[in-house]
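Heads up: the structure comes next, in structure tokens.
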Amino acid sequence: MVSIFQLYRIERKYQYLYSIGAVLLVAGTCFVFSSLIDYHIVAFLLLVTVSLAAVSFDIKPVLVAALLSALLWDLFFIPPKFSYAVTNPEDLVLLLMYFIIVLINAVLTYRIRQVEKLARQRSEKAREIQLYNTILNSLSHELRTPISTIIGASDNLQENKENLSEANKSILLSQISEAAVRLNHQVENLLNMSRLEAGQLQPKAVWVDLPELLYGLDKKAKEADTKHALRLVLQDELPMVKLDKIMLEQILFNLLTNAQAHTPDDTKIELTCHYKNGQLELTIEDNGTGFPMDERELVFDRFYRLKNTAGSGTGLGLSIVKGFTEALGGEVLLSNSSSGGALFTIRIPAAAAVNLPIYE
């Protein structure tokens, strides 16, 4: 059982203070209204107070609270009041039973919490092992494939350079270039994710020429993949905006490569950009098969890959999109478009410049 407020995580000295304070507060309140409250009811209220402390705190502060509650109940509530002597045998038995029950309750609650803590630790360790295996499996494929391509093509060029035609040499060089770009992309994703996890990425806002950035990105994506139809739709007279250019470019590049990697050939991909009321909005939409409803909330998790998909990838691209977007103070939304494909919407607050100063 875990406290709603997770109070057991606070320092031990404050646990003593809070547990003793709670018992004193309940006992004091009951004493003020002792003419209206039967002392048996007071025992029940003190028992509930100690039980709540047991749910929230470590064992020693709870035991102190249990002992204090029994002493206070005896001294201020059990007749005769203001004396530890108990003249009624039934009250004596009741006091002993109260003390035993409150101690057992405290110890058992603490033990249950310890068992659940151990179970959570084991579960987290199992998830870490599964994540580690996922990383290894992803990297073994995603990094080994381009490396093998580069090594194979390079060896072929070196060993058969005199027998290869110019066309074959061009093909091999093209394979090396594509594999190097793919390898670089995967390494960048791994580095970016490690920086996100470490909290080392801080946005560096600069003035960004949106058309220049987007047309450059469009060209880069088309050169990397000629099998998809990429279309760029920009608002007229887009202003320059102040944000982290590298982060924004990485966000859009990851979304574009994700769409290219996980949609059939000849799929149409459209990138749109609008700016209004201090907010930059970009959408990337395709007319592919879209995302299953039950997996939309999971696609931004690290190393998550869609079920029943043949597409490759480490599962880092979309998690980096989410991390970078949130680092810029924005949000990323995923839905299925009217055509049935995926629709990613990026909204980022950004200052715009109408007339920038000219420096000579």
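The table for this structure:
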item	result
Of Lys219/Lys268; Lys222/Lys322; Lys60/Lys125, pairs whose Cα-Cα distance is over 18 Å	Lys222/Lys322; Lys60/Lys125
Inter-label distance, nm, simple model (7 Å from Cα along the C-beta direction), Arg120/Glu331	2.8 nm
Unit charges at the beta carbon, dipole of region 206-353: most positive-side option, Ala261, Ile284, Ala342	Ala261
Label-reachable residues, region 77-110, where backbone N falls under 11 Å from a point 7 Å from Ser34's Cα toward its Cβ	77-83
Fully extended contour minus Cα-Cα distance, from Ile59 to Glu237, at 0.36 nm per residue	57.4 nm
Separation in nanometres of the label points that stand 7 Å from Cα toward Cβ, at Val107 and Val187	6.1 nm
Sequence-separation-based contact order of region 206-353, relative, with Cα cut under 8 Å and 6+ spacing, percent	27 percent
Charge tally in the Cβ shell below 14 Å around His40, where Lys, Arg are +1 and Asp, Glu are -1, His40 excluded	-4
Ordering of 153-162, 273-282 by burial proxy (mean other Cβ atoms within 10 Å per residue, highest first)	273-282, 153-162
Lys227-Asn160 FRET efficiency (beta carbon distance; Förster radius 22 Å; 0.05 resolution)	0.15
Relative contact order (percent, whole number), region 7-120, Cα cutoff 8 Å, 6+ residue spacing	29 percent
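Values quoted throughout were computed directly from the atomic coordinates according to the rules given, and no laboratory measurement underlies them. The structure displayed is predicted, hence computed values, not measured ones. FYI the Cβ positions are ideal-geometry reconstructions off the backbone, even for glycines, and counts take in every protein chain you see.
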